[in-house]
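Structure, as C-alpha cells:
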Amino acid sequence: MFQSKIKVEISNLQCNKHFGNPYLQIKIDKGCNGIERLMCSECIADQRGVYNVMSIVEASERIQNLKSQQQQQIVDFIKSQKQMLEKLREKTNSLQSKIYELFSSLNQKFDDYSVELDNLVAEYNFCDLLKEINFLFESPNQIIYQQFLIDSERIQAMNRIYSSKVNNLTLTLKSIIADWNVQNEFDEKFNEISTQINDNRINKNHSILTKIQEVKQQQSCWAIAFNKSNSIMAAGCEENIKIWNFQDNKLIDSGIVLKGHSDYVQCLVFSKYHDWFVSGGLDEKIICWNQINIKKWQGNQFLNTGQGIIQCLILTPAEDQIISSHDSKIKVWNLNIECNMISFKQSLDMHKSTVQSICINENQTFLISSASDNKLILWSKKSSQEWSYQCTINKITNDCGNRVSFISNSTFVLQLEKQGILHIFNFENGEFIEKPELKVILKSEKEQDRTLLFPSIFNKKKNIFVQKHHKYVYILKKDNKNQLSINGDPISCESKFNYGTITNDGNNLIIWNLESRSFNVYQIN
Ligand SMILES: [Zn+2]
C-alpha cells in the first residue's frame, strides 16, 4: 500500500486573520475555497450560523488515504504495462547483444581477410634461391605475368570464401531482426490496454441511454431522417416513405405514405433550413420532397439517374449540391431547393468497385470516399462547384472502409469492414495522417459488420458520435483533442441488420431492427 504525504502540514500554518493562532478546524460546506475553509479558535468563535466542520487531523488523514487509494489504483492499472515494458526491454537487450556479437564477427572477418592479403604480399619478402634459379632461362616479363595469374587466382578464391562468410552473417542478422517485431508486440498490448480502459469507463457510467418507446414497423426500414426542428421523422419503408410526427420524445404515425420509388428506399436526407428532403433508392432514382401543409408532402423532382443503385446520398452543408454513390461511381448534382432545381454536375470516377461510404466536412473543402477496392480517396474543391481528385489516403490496415465521417473540419473517422475499430485521421502538413494513438477499439472488435447500414453520425452540438458496428450501437463523446471515448454501454440490437439516426439536437436516438421489426426510441442522457 502506498502512503501519500501532504506537502505542507496544516498544523504548521498560522491563521492569516488572527496572528500566531494555529488552525484547528476545516469548514467542509460548499461555497468557500482553499484557505477560506481553515479556522483557528478565534475564527471558530466569530463564526455565525450552521456549518459543517472537520478537525485538521481527521481531514489530513482522509485526504492522504484517498490520495493513497488513487495512487494504488493507478499502480495496479499500469502493472501489466510495466511488465510488458520489462519484457520488451529484456528482448531488446538480448537482441542487442546478439547483434553486437554478429557485428563483431563481421569485423573479425574483415580483419582476417586483410591479414591474408598482407600474408600474400609477405610471401615475397624472402625467396628460395635453389627454386628460383630453375626459371632463369625464361623472360622476366613472362615470369612476372605468370606469377600475377597465380596470385590473382588465389585472391579470387579468397574473395569467394569471405563473400560467403559475410553473406552468412548478414543473413543471420537480417533474420534475427525480422523475427523480432517490436511494433506488433507493442500494438497488441496497446489494443489490450485500450479495451481494458474502455471497459472500465463503461462499467462506471451505465445509463447514457434510456429507452422510451417501441413502435412496431413491419416493413424493412433502411433509411431514417429527422427534419430541421426534430418534429418530423421520415423513414423508408421498403419502396415507400412514411412520415411520423415526433413529440415529447415519442413517435406518432401521421398516416402519410409517400409513393414514388419502385424499389427499396436506401437514403433520406432532410434540409437543415427548409421543409424539404431528398430520397434515393435501389431503383436508381433521386426524389426531392417538400411540405405543402401539415398533412401533405409532394414529390417535386423525380430523377431517374440511370447510374446504378444508390448506396450513399449526402447533402453538402451549404445545401447547394447532392452527392450520391452508384456502384463504383460518385455523382455530383447541383441543387437549388427554393427553385426545385436539380441538375447533373460531374462524375467522380476513381474507384474500381462499390463505394461504401462518403462524407464531407463542414467547410466543404474535403470529400472522402471509401470503397470495397480498399481505397480511401480524398477529393477537394477545384472551384466553388467542382470537385477533383486530390489523393489516395494511406491507411495502416489493409481493409476497406465501411463508414467514414468527419468529426471536425480536419479530422475524420474510418471504420473498417472486418474490424470494430475506429481509426482517426487528421489533416496535417497538407495530408490526412492516421493517428494510431487516437484509435478506439469497440466491444465488437472481432466482429465483421459488412452491412453498409446506418452511417456514422457526428453531432456537433453535443460533441457526440454515433457508431453502429455489427449488432451494437455506440455513443462516443469527443473531447477537444479529437479523442473519442465510448460513453456507457452500447445498445445491443437483436441483429446486425439495424438502421438508426439521432435527432439534430442530439437528444434522441431511433433505431429500427430487423429481428423485432420495430422502432426503438431512446433518450440520450
Ligand atoms: Zn483565525
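The values are calculated or read from the model by the stated rules, or taken from the named source; none is laboratory data. Worth saying up front: this structure is predicted, and the values here are computed from it rather than measured. Cβ coordinates were reconstructed from backbone atoms using ideal geometry, including for glycine residues, and neighbour counts include every protein chain displayed. To get the accessible areas, we keep the full protein, side chains included, count just its heavy atoms, and leave off ligands, DNA and RNA. Shrake-Rupley method; radii C 1.70, N 1.55, O 1.52, S 1.80 Å.
Worth pointing out:
- In this structure, GLN81 does not qualify as farther than 30 Å from SER175 by Cα, away from the ligand (no atom under 16 Å from the Cβ) and surrounded by 13 or more Cβ atoms within 10 Å (Cβ to Cβ).
- Residue selected from segment 321-354 under the condition within 19 Å of SER369 (Cβ to Cβ) and among the acidic types (Asp, Glu), by the criterion least open to solvent (accessible area, probe 1.4 Å): ASP327
- LYS30 vs. criteria within 14 Å of the ligand (Cβ to nearest atom), more than 30 Å from SER194 (Cβ to Cβ) and not hydrophobic (A, V, I, L, M, F, W, C): no
- Qualifying positions in segment 355-378 - at positive phi and open to solvent by less than 30 Å² (accessible area, probe 1.4 Å): GLN364
- Any hit, segment 48-69, residues being within 48 Å of the chain's Cα centre (by Cα), closer than 30 Å to ILE176 by Cβ and acidic (Asp, Glu): no
- Complete set of residues in segment 124-159 that are among the β-branched types (Val, Ile, Thr) and either more than 19 Å from TYR113 (Cβ to Cβ) or free of Cβ contacts under 8 Å to residues at least 12 places away in the same chain (or both): ILE133, ILE143, ILE144, ILE150
- Residue match in segment 34-45 (condition: open to solvent by 60 Å² or more (accessible area, probe 1.4 Å), in contact (Cβ under 8 Å) with a residue 12 or more places away in the chain, over 20 Å from ILE6 (Cα atoms) and within 16 Å of the ligand (Cβ to nearest atom)): yes
- The residue list VAL121, VAL115, VAL50 contains one member that is surrounded by fewer than 13 Cβ atoms within 10 Å (Cβ to Cβ), away from the ligand (no atom under 16 Å from the Cβ), without any contact (Cβ under 8 Å) to a residue 12 or more places away in the chain and assigned to a loop (DSSP other than H, G, I, E, B), which is VAL50.
- Some residue of segment 394-412 being assigned to a loop (DSSP other than H, G, I, E, B) and within 25 Å of THR503 (Cα to Cα): yes
- When GLY488, GLY500, GLY506 are screened for being small (Gly, Ala, Ser), open to solvent by less than 30 Å² (accessible area, probe 1.4 Å) and over 21 Å from GLY420 (Cα atoms), only GLY506 passes.
- Number of the condition not met by PHE19 [criteria: (1) surrounded by 12 or more Cβ atoms within 10 Å (Cβ to Cβ); (2) within 16 Å of the ligand (Cβ to nearest atom)]: (1)
- All told, ASP399 meets the bar of being of a type in the set (D, E, K, R) and farther than 23 Å from VAL265 by Cα.
- Applying the set (1) in contact (Cβ under 8 Å) with a residue 40 or more places away in the chain; (2) within 16 Å of the ligand (Cβ to nearest atom) to SER60 leaves exactly one unmet item: (2).
- Scope segment 328-362; condition assigned to a loop (DSSP other than H, G, I, E, B), within 19 Å of LYS272 (Cβ to Cβ) and not assigned by TED's automatic domain parsing to the domain that holds ILE393; matching residues: ILE337, GLU338, CYS339, ASN340
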